[in-house]
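This report concerns only the one structure given below.
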Amino acid sequence: MDFGFSEEQDLLRKSARDFLAKECPIPFVRRMMEDETGFTGEVWRKMADLGWMGLVFPEDVGGSGLDMVDLVVVLEEMGRMVMPGPFFSTVLLGGMALAEGGSEEQKRRYLTKLAAGELKATVAILEPSARWDASGIEARAEPDGEGFRLTGTKLFVPDAHVADLLLVAARTGGGGAEGISVFALELPATGVTVEPLKTLDQTRKLCEVTLDGVAAGRGALVGGEGRGWPLLERVMDRAKVGLCAEMCGGAERVLEMSVDYAKIRVQFDRPIGSFQAIQHKCANMLLQVESSKSATYYAAWAVAKDVPEAPLAAAMAKAYTSDAYRIVAGDGIQIHGGIGFTWEHDMHLYFKRAKHSELTFGDAVWNRDRVADLIDI
């Protein structure tokens, strides 16, 4: 069996790596961490010109018609460079939600612009309960004439401060997974307040979004009234896989940096890489990276083919890779010693991204519970 990437995918990877090395070096990442928006329009337009925004969307909306495995190739390279900006929230969250549940009119109106790089989108799911399941959705969408009024608070919404379109999960009915609907709100909108949050990883901009009686017509419903949770589960499965790809890329880069340092750092008149303790640590890091890749690639194939075990594969990949990236990033800092703890060194960027990614869409414990549920334990 051939488990390798195709020639086209290898070319896509090389193109992505070359582009990011030029347009998104670490000094650029550090500048964007201090920048309020967290990205530049110039780099965004260049990515759009490469077709990255529309990579996995149908050709009839201006996309390339490729699948999740192809997107994983690009996301790995983004993870290697801890790339900042709203690409993930726009493509993996907002774009996937529209592609999976949007009406034909919504796809023409929004997805076409998104694929062209003319629209940035995000999805607001998490609330003060910090639950990633349906029970965590408490925001309300009350009937109001021919539409609804949305009220509630959403936390840690990625890139909401620069989004043109906000997809919000709110309750139009009962508890649990029933009665959750998704609404597409064009920003700015009356009653929507967006407050950027100061978080550990400033390469990812997160916001608190307050909804105070926001008007939404029936045309804003994505996926139909009361049918929002199955849509959100599909979106989160795909987003988990995409996040795992980023984590694989970041972990691999940490491993490379650590091995290179172990070869040149001399202690007791010999490179520290000659000591068994360092060798075994690097070997374990390689095992973590390669195992994460295997789980991620399988999950990418599963969601791309929409096979029944796709939700299980996504949860397994997220559970394993969340732990793996955190462990690899921590070991990388240990190998670098005191210098690895300094602001000037790049290792802390990867460790912070690892911690951020670990908690997004549920940590390893949460996703192991999800695995247990899916296998009926």
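The values are calculated or read from the model by the stated rules, or taken from the named source; none is laboratory data. This one's a predicted model, so the numbers in the text were calculated from it and none came from an experiment. For neighbour counting, all protein chains shown are included, and Cβ atoms are generated from backbone atoms with ideal geometry for every residue, glycine included. Surface accessibility is based on the protein's heavy atoms, side chains included, excluding ligands, DNA and RNA. Shrake-Rupley method; radii C 1.70, N 1.55, O 1.52, S 1.80 Å.
A few comments on the model shown:
- Number of residues in the range 95-129 that are open to solvent by 40 Å² or more (accessible area, probe 1.4 Å) and either of a type outside the set (Asp, Glu) or within 24 Å of Phe361 (Cβ to Cβ) (or both) equals 10.
- Every pair of residues 6+ apart whose Cβ atoms lie under 7 Å, when the first sits in the range 8-35 and is within 16 Å of Arg204 (Cα to Cα) and touching a residue at least 24 places away in the same chain (Cβ under 8 Å) while the second is of a type outside the set (Val, Ile, Thr) and part of a helix (DSSP H, G or I): Val29/Leu349
- Filter pass, Asp60 being closer than 24 Å to Glu8 by Cβ, open to solvent by 10 Å² or more (accessible area, probe 1.4 Å) and in contact (Cβ under 8 Å) with a residue 24 or more places away in the chain: no
- Selection within the range 195-215 - in a strand (DSSP E or B), surrounded by fewer than 20 Cβ atoms within 10 Å (Cβ to Cβ) and among the hydrophobic types (A, V, I, L, M, F, W, C): Ala215
- Extreme residue, least open to solvent (accessible area, probe 1.4 Å), among residues of the range 130-163 that are among the aromatic types (Phe, Trp, Tyr) and closer than 30 Å to Gly117 by Cβ: Trp132
- Positions within the range 219-236 being open to solvent by less than 10 Å² (accessible area, probe 1.4 Å) and assigned to a helix (DSSP H, G or I), in sequence order: Gly228, Leu232, Val235
- Looking across the range 340-358, just one residue is open to solvent by less than 40 Å² (accessible area, probe 1.4 Å), hydroxyl-bearing (Ser, Thr, Tyr) and either farther than 16 Å from Tyr320 by Cα or over 16 Å from the mean Cα position of the chain (by Cα) (or both), and that is Tyr350.
- For the range 1-97, the helices (runs of 4 or more DSSP H) that sit wholly inside it and include 1 or more residues that are over 18 Å from Ala116 (Cα atoms) and touching a helix residue (DSSP H, G or I) at 6+ places or on another chain (Cβ under 7 Å) are 7-23, 26-34, 68-80.
- Out of Ala215, Ala245, Ala177, Ala184, one residue alone is more than 16 Å from the chain's Cα centre (by Cα) and under 23 Å from Pro311 (Cβ atoms). It is Ala177.
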